[in-house]
Amino acid sequence: METPAPRQRGPVPGTGDRFVTVVRGLRFSGLGFGAAVIGNLYRATSDEDARAAVDAAWAAGVRYFDTAPHYGLGLSESRLGAALADRPRDEYTLSTKVGRRLVRANPPRAKDDGGFDVPGDKTRVWDFSRDGVLRSIESSLDRLGVGRLDLVYVHDPDEHWREAIEGAVPALAELRDQGIIGGFGAGMNQSAMLTRFVLESDMDAVMVAGRLTLLEQSALADLLPAARERGTAVVAAGVFNSGLLSRPRPADDARFDYLPVPPEMLARAHAIADVCERHGSTLPAVAMAYPMQFPEVVSVVLGMRTRDQVEQNAALLAAGVPEQLWEELAELDLVPR
C-alpha cells in the first residue's frame, strides 16, 4: 500500500473560523450530524423540526452528514436529502450505509419493529452481496435526491464478516476506484472487526460507535493503531454511551449500550462529572471532546433532533476542555493516560 497522504486542515467555505479535516480527499467537520433521530428513532419528529435541526447544523459549521436506509426505513435519508437540497453539493460530505436493504413488507405491519416510529410498510433484509450493495446505493441516491455519495459504510456486519469482506467491500472499492463514490468504510458498535477491515482492506474511513468514549476505550488498543498505520479516518459516534453521558449528572435510570447501567459504571460516570464540575465544564462537553484528542479521529457524530440540541452541542464542543481536567481524570485513573 502507498504511504497515506498527509491530513490537511482548512476553512469550511462560508463559515469563517470553522475547520475540517481532509483525509484521502474526504472532508470531515469536527462536529458531524447523525441523522438517525430525524428518522424517528424511538419517537416521532416532525418534518419541520427535522429541517430546523439540519439548518441549525449548517449554520453551526457542520459539513458532515451521516444517514442510512435502516434509519426510519428510509425516512432519515429522505428528510436529510430534502433539507440539504438547496446547499452547494461540493461544500458538504454525505455518507450513507449498505447492508440492510429495504423491501416491501408482506404483510405490512402497523409500525416498524426496528426502533423507529414509522409505518411498517417496508422491512429490512440483511444483504452484503455485490448486487445488494448496488441496489441499496441506487435506492439511497433516489431518497437523498443526489447524484453521488461521498462515503458509503458497510453497516453493522457483526454476524456477516465473510459476506461483507467478499461481497460488499470489493463492490465498494470498485465503485470508489471508478469515481462513482468518494470513499468507503464500515460502521459498527465494536472495534475488533473494524480493525480487521482496516488491516485487510483499503477502507478510507470507519465509524466506531460507543468504543471510544469516557467510559469505554477498547478502540485505543486495536482500531486507532491500525488506522494510524493505514491512514484511515476514524469517525467517533455514540460518545454519550446510550445517553449515560448526555447530562451534567447521569440519571439513576440511565442506560449503557442500550441496557440498564451497571452500578460501578454509574459511579464512575458520577466521579467523572465531579472532575468536570471542578474545572467549570460538564459531562457531555467532555464526552464530546474526548475522542477529538486523538489525531486519527476526524469527527464526532451526534444525533441531534432539534435546533436547540444542535446549538447546545455545537457551543459545548466549541468551548473546549481545560488541559488540567484531562490531567486530573488521568491521575484518578478515570481515563487512560
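The values are calculated or read from the model by the stated rules, or taken from the named source; none is laboratory data. A quick note: this is a predicted structure, and the numbers were derived from the prediction, not measured. Backbone-built Cβ (ideal geometry, glycine too); neighbour counts: all protein chains shown.
Residue-by-condition table, conditions (1) touching a Phe, Trp or Tyr at 6+ places or on another chain (Cβ under 7 Å); (2) surrounded by 15 or more Cβ atoms within 10 Å (Cβ to Cβ); (3) over 24 Å from residue 26 (Cβ atoms):
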| site | (1), (2), (3) |
| --- | --- |
| 92 | yes, yes, no |
| 127 | no, yes, yes |
| 132 | no, yes, no |
| 137 | no, yes, no |
| 149 | no, yes, no |
| 166 | no, no, yes |
| 171 | no, yes, no |
| 178 | no, no, no |
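Name the residues in the range 94-118 that are assigned to a strand (DSSP E or B) and surrounded by fewer than 22 Cβ atoms within 10 Å (Cβ to Cβ), would you?
Here is the first cut: in the range 94-118, the ones assigned to a strand (DSSP E or B) are 94-98, 100-109, 116.
If the condition is that a residue be assigned to a strand (DSSP E or B) and surrounded by fewer than 22 Cβ atoms within 10 Å (Cβ to Cβ), then 100, 101, 102, 103, 104, 105, 106, 107, 108, 109 are the ones that fit.
Of the residues that sit in the range 287-304 and are in contact with a strand residue (DSSP E or B) (Cβ under 7 Å, 6 or more places away or on another chain), modelled with pLDDT of 95 or more and among the hydrophobic types (A, V, I, L, M, F, W, C), which one is farthest from residue 228 (Cα to Cα)?
In the first step, residues of the range 287-304 are kept if they are in contact with a strand residue (DSSP E or B) (Cβ under 7 Å, 6 or more places away or on another chain); the result is 288, 291-292, 296-304.
Next, only the ones that are modelled with pLDDT of 95 or more stay: 288, 291, 296-304.
If we keep only those that are among the hydrophobic types (A, V, I, L, M, F, W, C) as well, we get 288, 297-298, 300-302, 304.
Values: 288: 21, 297: 10, 298: 12, 300: 17, 301: 20, 302: 23, 304: 29 Å.
Within the range 287-304, the match that is farthest from residue 228 (Cα to Cα) is 304.
Specify the residue that is farthest from residue 102 (Cα to Cα); the eligible residues are those in the range 134-181 that are of a type in the set (A, V, I, L, M) and in contact with a Pro (Cβ under 9 Å, 6 or more places away or on another chain).
165
What number goes with the only condition from (1) out of contact with any helix residue (DSSP H, G or I) (no Cβ under 9 Å at 6 or more places or on another chain); (2) under 27 Å from residue 116 (Cα atoms); (3) small (Gly, Ala, Ser) that residue 299 does not pass?
(1) is the only condition that residue 299 fails.
If we scan the range 277-297, do we find a residue that is part of a helix (DSSP H, G or I) and farther than 25 Å from residue 207 by Cα?
Just the residues of the range 277-297 that are part of a helix (DSSP H, G or I), to begin with: 277-278, 283-293.
Those still in the list that are farther than 25 Å from residue 207 by Cα too: 277-278.
Yes: one or more hits.
Please go through (1) in a helix (DSSP H, G or I); (2) touching a residue at least 60 places away in the same chain (Cβ under 8 Å) for residue 229 and return the number of the only condition it doesn't satisfy.
Unmet condition: (2).
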